[in-house]
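In what follows, a structure is listed as structure tokens, so that the remarks can point back to it.
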Amino acid sequence: EPRVGAAMPAAKPSYRVPASSPSDIARYEELRQGLRDLNLHTVCEEAQCPNIAECWGQAGTATIMVLGDTCTRGCRFCAVKTSATPPPP
């Protein structure tokens, strides 16, 4: 059962997305820098998603965390920092 503060699984999933093209890498870097400039946190980074290049590079999309870098859900499969009462963003 998922809960805030639960231990993370030791191993990451084995699936991976194929290597990105040069244009995908450029799109990925542009999106990453834009998020840094705006001080935004994404589920993609906070959860250490192994397929981040697929969304950021190929599609040019990211999922923003509106409350900062902390989630209130506490899913056991996810690496996002959790808190039942996170501080305001």
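Read through the list (1) of a type outside the set (Asp, Glu); (2) closer than 14 Å to TYR28 by Cα; (3) open to solvent by less than 30 Å² (accessible area, probe 1.4 Å); (4) assigned to a loop (DSSP other than H, G, I, E, B), then give the number of the only condition that GLY68 fails.
With (1) of a type outside the set (Asp, Glu); (2) closer than 14 Å to TYR28 by Cα; (3) open to solvent by less than 30 Å² (accessible area, probe 1.4 Å); (4) assigned to a loop (DSSP other than H, G, I, E, B) applied to GLY68, the lone miss is (2).
Answer yes if at least one residue in region 49-58 is part of a loop (DSSP other than H, G, I, E, B), modelled with pLDDT under 85 and surrounded by fewer than 17 Cβ atoms within 10 Å (Cβ to Cβ), and no otherwise.
Yes, region 49-58 contains at least one residue that is part of a loop (DSSP other than H, G, I, E, B), modelled with pLDDT under 85 and surrounded by fewer than 17 Cβ atoms within 10 Å (Cβ to Cβ).
Okay, residues lined up against (1) open to solvent by 70 Å² or more (accessible area, probe 1.4 Å); (2) touching a strand residue (DSSP E or B) at 6+ places or on another chain (Cβ under 8 Å):
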| position | (1), (2) |
| --- | --- |
| GLN33 | yes, no |
| ARG36 | yes, no |
| CYS44 | no, no |
| GLY74 | no, yes |
| SER83 | no, yes |
| PRO86 | no, yes |
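The values are calculated or read from the model by the stated rules, or taken from the named source; none is laboratory data. Keep in mind that what you see is a predicted model, and the values were worked out from it rather than measured. Neighbour counts run over all protein chains shown; Cβ positions are idealised from the backbone, glycine included. Ligands, DNA and RNA are excluded from the accessible area calculation, which covers all protein heavy atoms including side chains. Shrake-Rupley method; radii C 1.70, N 1.55, O 1.52, S 1.80 Å.
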